[in-house]
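Chemist: Supplied in structure tokens, the structure appears directly below.
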Amino acid sequence: MNMDAKIPGGPLEEKWSNYKKNAKLVNPANRKKIDVIVVGTGLAGSSIAASLGEMGYNVKSFCFQDSARRAHSVAAQGGVNAAKNYKNDGDSVYRMFVDTLKGGDFRAREANVYRMAECSLNLIDQAVAQGVPFGREYGGYLNNRSFGGVQVSRTFYARGQTGQQLLIGAYQALMRQVHKKTVQLFTRHEMLDLVVIDGKARGIIVRNLDTGEIERHAAHAVVLATGGFGKIYYLSTLAMGCNGSAIWRAHKKGALMASPSWTQIHPTSLPQSGDYQSKLTLMSESLRNDGRIWVPLRENEQREANAIPEEERDYYLERRYPAFGNLAPRDISSRAAKERIDAGFGVGALKNAVYLDFSKAIREQGVAKIKEKYGNLFDMYRKITGIDAYKEPMMISPAAHFSMGGLWVDYELMTTIPGLFALGEANFADHGANRLGANSLLQASVDGYFIAPYTMANYLSGEIHTGKIPTDHPAFDEAEKQVKEQLERFVHSKGTKTVDQYHKTLGKLLYDYCGLSRNESGLQFAIAEIRKLRNEFYENVHIPGTVDTMNAELEKAGRVADYLEIGELMCYDALTRKESCGAHFREEYQTPDGEAMRNDADFQFISAWEWRGKDNEPTLHKEPLVFENVKPIVRSYK
Amino acid sequence: MQSLTRKILMCLTGLFLCFFLIIHLLGNLQLFLPAKTAQLQFNAYSHFLSGNLFIKMVSYVLYASIILHALYALVITMKNKQSGGSYKTDNRGRASKWYSRNMGMLGTVLLVFLIIHFKNFWYEYKFGVLPMDANGNKDLYTLVVTTYQEGWYVVIYVIAMIALGYHLLHGFFSAIRTLGVFHPKFVRWIRYFGIGYSLMISLGFAIIPVYVYFLNAK
Amino acid sequence: MKLHLKIWRQKDKNTQGKLVDYWLEDVNPHMSFLEMLDTLNEKLVLSDEMPVEFDHDCREGICGQCGVMINGLAHGPLKNTTTCQLHLREFKDGETIVIEPFRSKAFPVKKDLKVDRAAFDRIIASGGFVSVNTGQAPEANSIPINHETAESAFDSAACIGCGACVATCKNGSAALFTSAKISHMAKLPQGKEEREHRVLNMVHQMDNEDFGHCSNTEACEVECPQSISVLNIAQMNYEYNRAKVLKK
């Protein structure tokens, strides 16, 4: 297995420039001859499709939503990081690189992380030029806020809707290209398989979700920008349609999956209130800038929040992590919340939440200021819970959020299948074992705007003589046949349970055994259970209707079938990583005071998994991580 | 023609009619004068209007405005009826004022009224045979006063003026919006102005027949 | 709580639809409206009936994909709220709820409660952008924009493209949607360069999509989940008139 990360030579600061200097190009006349497929229209997908379209390639862009603007990047609230140092508080590309690497618990590549920090500068410029209305100071210059895990203010924001605004900027750039006919947009199309010809990614099989038609699309390169698979936990902060199917099916065609078990559990989501619940709404982490997190000191407290006096409140983040306090990184905050909840100090009807209190901030800054900063979040909170958070504390709890893991990619963002690129959350990328807040929008954007356009050209320069890829190649026949067989099998399955019921069972299993904390026996148990569940799913799921019409249950069935396989791989990944790092917390590996214990001697590598067929154990490949610039230290936010 | 161009036509013709209503009302205020003075002055005023070339040109603009306003209203309403959805259960009305949704209906009431109004006065004055007053002007005054003696006509007149009030209330504000005034402060001021204007015009016109009716009933 | 649902069922674009009655016993008032539909669909699936197709995705009020008429109101009884943010506590026990798709000539029904809103995408494609290629941008702080302007541009840019404005408009007008984008761009210095082209092209496209005229009833602002102001429509009119006057 070729796992050369292709990190360019030279000092860290010059690696990306060196790469760009030496990368091969495709001249404008030749770009017309080259077709590229982009799956997903979130920040990464829209931006790469638009950028390639602008350069003159023939792009086909696919999304399962009814409009490209609905991709889940839209829901990111808090902001996007960039090392502009507009606040003059000591920020720099290098500082941002260190913060990100440290935040990720030293489980990411130095060169990738540095490049992300470096490109962050351009991203803000690009977004502003597109008309993204970032928050501004009264003098007219861009404003910043601070975010978890760092000591500078480097987060650019557009109220609590930064993701929406950035995505709309990218979406508009994409629609501009659609209008110019350099990009063909296929909405309501779901990728169901990758077509590999002679070892290269050459096309995809998609299903038109409105008509049920199966279509073939060929190209010289395929980009997967399909986001994360945190929805595998069923209850998550993700959109209902988010899924891992595109990357999973590519994985089954030979692309390695890296660190699939590293799922970020976000600390500030709304708690679950019943088993009918379909999702957990995220409250932006930016709330932790002004909100203070606490639980009652007394176990099983019955009093209302406002009736509990100050001295009987446990501000546990401020107590345990005085240097960072309420802005401790996400993994640490989530685990600390879980620790308090498990110990019996949780609040709310199901005792599964902690308080996020704004009374101090409101006293100090006034309601108007808080309203301006977080108004839409407070409104959203009131709509969902019926509670006015200006008057009483919010209740929050941890929820599955972001997949740090994903398809393994090299420095060029190319997977182990030549011609198959993975961008944004779909790759395992730059966040290591834990992503810092406001870095996801950044990574998705820079992958699409500033990195892939160069690295893809480097690859595509070898394709200018290839000519059109025919869609009648036997590889297309075979892929289409398999897709159709699976769909037919589903609609003939008339069992006694719905797809969602299986999804919920799987989600609960994973949350309990492969969630905030994991242990060996739990993971082994989960693997066995998932296998059982998977077999039962194929026997007993009930799918109504036919394949040749719009059929939402059929769409879900395919995704859950994949989740049932991804879940198992997640458990293998967690099982074999016998250390605690970032979001991955193995109970066997912790310090006496409950902090994570990393093992750099044995586990300073990226786990990349190879598919070995159904019910077979996957094969683990290791990409060692080399730290030449920063010495891995024990992460401390105390 | 683009939808916004059609709207601009509605707006400009509407605003011209708004302007005309002010002049018309000012002229009609003469009816409040003591009967003798009112008769001579009102008739002289009517004579002046019908003889003046400039006024004649303006009157053609007026006729054109009325016709275009009604015609484009018809075109726009038909297109809107086609485009808008209809629902089995429909409570959409909670979000807007009834008169803003029924400008076509109010406009139709006004059009019918206009026909009656034209027939009663404009047609009689232009093509009918009217007696002369002391100054040798056609005695429109007496025609008006006689007409306003009919109770049912006063009722029609008042109802039409209520319709006019609502039509203006939405129409004036809507026209200004179509012109593109979007500064919140001016939008607010114009809205207040529009309310005052609509009240003034509709009350002003409605009170005259009522006044004449009760004056002569005594 | 108990609910009596009357839901629009329509097999596909070309078939006539009708309201079908369903009864749900024992639903939790804290459920969201869409979770209530999930519950109904689960029952339908298990009795091998086709579940009700409805659009939804993020379920936190920002993607703009969900949206149905509930008792004749776009996104239901709460003002400025998406369907996914609506909870059953807003309804009475035993209430009859009529659920229909967003309707307008420009939004053909695809199936049940799903409608085709691609017209919105085509309006954006016709000019709702700043023509800046990747890599062309100058340093971000080289374009100062005062706080109020940035906030006001944000207010316009907050549109989620759900289509409630069109559904609630008796004329099926897309003026609020189109104008929100036009004024977002017109307010910012970045968007000023191509303002004439933008407004003319976008209005042209809006008309081509068979949306109706705006008659300023202002219902759209009341139902809009993001409270997009109708003053955006006034600004669009201004931009349009300006462009027409200045056109060579």
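The values are calculated or read from the model by the stated rules, or taken from the named source; none is laboratory data. Everything numeric here is computed off the predicted structure, so don't read it as measured data. Don't worry about glycine lacking a Cβ; one is built from the backbone with ideal geometry, like all the others, and counts go over all protein chains shown. Each accessible area value is taken on the protein alone, full model and side chains, heavy atoms only, with ligands, DNA and RNA left out. Shrake-Rupley method; radii C 1.70, N 1.55, O 1.52, S 1.80 Å.
Chemist: Within segment B:83-114, track down each residue that is more than 10 Å from every other protein chain (Cβ to nearest Cβ) and more than 15 Å from B:H69 (Cα to Cα).
Modeler: First pass over segment B:83-114, keeping only residues more than 10 Å from every other protein chain (Cβ to nearest Cβ): B:105-114.
The answer is B:F113, and nothing else.
Chemist: Which condition number does B:K36 fail, the rest of (1) of a type in the set (K, R); (2) open to solvent by less than 30 Å² (accessible area, probe 1.4 Å); (3) away from chain C (no Cβ under 14 Å) being met?
Modeler: (2)
Chemist: Take the conditions part of a helix (DSSP H, G or I) and within 7 Å of chain A (Cβ to nearest Cβ) and apply them to C:M206. Does it pass?
Modeler: No; evaluated as a whole, the condition is false for this residue.
Chemist: Just need a number here: residues in segment C:71-94 that are open to solvent by less than 40 Å² (accessible area, probe 1.4 Å) and more than 17 Å from the chain's Cα centre (by Cα). Reasoning before the result, please.
Modeler: Applying the first criterion (open to solvent by less than 40 Å² (accessible area, probe 1.4 Å)) to segment C:71-94 yields C:71-76, C:81-88, C:91.
Cutting the leftovers down to more than 17 Å from the chain's Cα centre (by Cα) gives us C:71, C:87-88, C:91.
Number satisfying all stated conditions: 4.
Chemist: A follow-up question, please. Please work out which residue is modelled with the highest pLDDT, limiting yourself to segment A:271-291 and to residues that are in contact with a helix residue (DSSP H, G or I) (Cβ under 8 Å, 6 or more places away or on another chain) and under 12 Å from A:H401 (Cβ atoms).
Modeler: Among residues in segment A:271-291 that are in contact with a helix residue (DSSP H, G or I) (Cβ under 8 Å, 6 or more places away or on another chain) and under 12 Å from A:H401 (Cβ atoms), the one modelled with the highest pLDDT is A:T281.
Chemist: From the list A:I469, A:I451, A:I384, A:I396, which residue is open to solvent by 10 Å² or more (accessible area, probe 1.4 Å), in contact (Cβ under 8 Å) with a residue 40 or more places away in the chain and not in a loop (DSSP other than H, G, I, E, B)? Reasoning before the result, please.
Modeler: Working: A:I469 fails: not in a loop (DSSP other than H, G, I, E, B); A:I451 fails: open to solvent by 10 Å² or more (accessible area, probe 1.4 Å); A:I396 fails: open to solvent by 10 Å² or more (accessible area, probe 1.4 Å).
Answer to the check: A:I384.
Chemist: Being part of a loop (DSSP other than H, G, I, E, B) and hydrophobic (A, V, I, L, M, F, W, C) is the filter; apply it to segment A:98-128 and report the residue that is surrounded by the most Cβ atoms within 10 Å (Cβ to Cβ).
Modeler: Filtering segment A:98-128 for residues part of a loop (DSSP other than H, G, I, E, B) gives A:104-109.
Add one more test, that the residue is hydrophobic (A, V, I, L, M, F, W, C), and what stays is A:106, A:108.
Working: A:F106: 23, A:A108: 26.
Restricting to residues being part of a loop (DSSP other than H, G, I, E, B) and hydrophobic (A, V, I, L, M, F, W, C), the top hit is A:A108.
Chemist: I've got another one for you. Mind telling me which of the residues C:D21, C:D48 ends up being within 14 Å of chain B (Cβ to nearest Cβ) and touching a His at 6+ places or on another chain (Cβ under 8 Å)? Working first, answer last.
Modeler: Working: C:D48 fails: within 14 Å of chain B (Cβ to nearest Cβ).
Result: C:D21 is the single residue among C:D21, C:D48 that is within 14 Å of chain B (Cβ to nearest Cβ) and touching a His at 6+ places or on another chain (Cβ under 8 Å).
Chemist: Looking at this structure, is A:N551 among the polar types (S, T, N, Q), touching a Gly at 6+ places or on another chain (Cβ under 6 Å) and open to solvent by 10 Å² or more (accessible area, probe 1.4 Å)?
Modeler: Values: among the polar types (S, T, N, Q): yes; touching a Gly at 6+ places or on another chain (Cβ under 6 Å): yes; open to solvent by 10 Å² or more (accessible area, probe 1.4 Å): no.
Against the criterion (among the polar types (S, T, N, Q), touching a Gly at 6+ places or on another chain (Cβ under 6 Å) and open to solvent by 10 Å² or more (accessible area, probe 1.4 Å)), A:N551 does not qualify.
Chemist: Check B:S59 against each of (1) open to solvent by less than 40 Å² (accessible area, probe 1.4 Å); (2) within 12 Å of chain C (Cβ to nearest Cβ); (3) part of a helix (DSSP H, G or I) and name the one condition it does not meet.
Modeler: With respect to (1) open to solvent by less than 40 Å² (accessible area, probe 1.4 Å); (2) within 12 Å of chain C (Cβ to nearest Cβ); (3) part of a helix (DSSP H, G or I), B:S59 is out only on (2).
Chemist: Then there is this: Within segment A:58-97, restricting attention to residues that are within 12 Å of chain C (Cβ to nearest Cβ) and in a helix (DSSP H, G or I), which residue is surrounded by the most Cβ atoms within 10 Å (Cβ to Cβ)?
Modeler: A:S73
Chemist: Right, something else. Quick one: is A:K33 more than 30 Å from A:D66 (Cβ to Cβ), open to solvent by 40 Å² or more (accessible area, probe 1.4 Å) and out of contact with any helix residue (DSSP H, G or I) (no Cβ under 7 Å at 6 or more places or on another chain)?
Modeler: On the way: more than 30 Å from A:D66 (Cβ to Cβ): yes; open to solvent by 40 Å² or more (accessible area, probe 1.4 Å): yes; out of contact with any helix residue (DSSP H, G or I) (no Cβ under 7 Å at 6 or more places or on another chain): yes.
It is true that A:K33 is more than 30 Å from A:D66 (Cβ to Cβ), open to solvent by 40 Å² or more (accessible area, probe 1.4 Å) and out of contact with any helix residue (DSSP H, G or I) (no Cβ under 7 Å at 6 or more places or on another chain).
Chemist: Among the residues of segment A:497-523, which ones are open to solvent by 20 Å² or more (accessible area, probe 1.4 Å), touching a Leu at 6+ places or on another chain (Cβ under 7 Å) and not acidic (D, E)?
Modeler: The answer is A:T505, A:Y513.
Chemist: Next question. Checking the conditions here, which among B:S46, B:S83 is modelled with pLDDT of 95 or more and either open to solvent by less than 50 Å² (accessible area, probe 1.4 Å) or of a type in the set (D, E) (or both)?
Modeler: Numbers: B:S46 fails: modelled with pLDDT of 95 or more.
So the residue among B:S46, B:S83 that is modelled with pLDDT of 95 or more and either open to solvent by less than 50 Å² (accessible area, probe 1.4 Å) or of a type in the set (D, E) (or both) is B:S83.
Chemist: Then there is this: I want to confirm something. Restricting to segment B:69-101 and keeping residues that are without any contact (Cβ under 8 Å) to a residue 24 or more places away in the chain and assigned to a loop (DSSP other than H, G, I, E, B), which single residue is nearest to C:P77 (Cα to Cα)?
Modeler: Only one residue tops the list, namely B:N91.
Chemist: Let me ask you something else. Only one of these is over 18 Å from A:G244 (Cβ atoms) and within 14 Å of chain C (Cβ to nearest Cβ): A:E478, A:E553. Name it.
Modeler: Values: A:E478 fails: within 14 Å of chain C (Cβ to nearest Cβ).
Selected residue: A:E553, the only one of A:E478, A:E553 that is over 18 Å from A:G244 (Cβ atoms) and within 14 Å of chain C (Cβ to nearest Cβ).
Chemist: Could you tell me how many of the residues in segment C:201-219 are open to solvent by 10 Å² or more (accessible area, probe 1.4 Å) and either in contact with a strand residue (DSSP E or B) (Cβ under 9 Å, 6 or more places away or on another chain) or hydroxyl-bearing (S, T, Y) (or both)?
Modeler: Of the residues in that region, 3 qualify.
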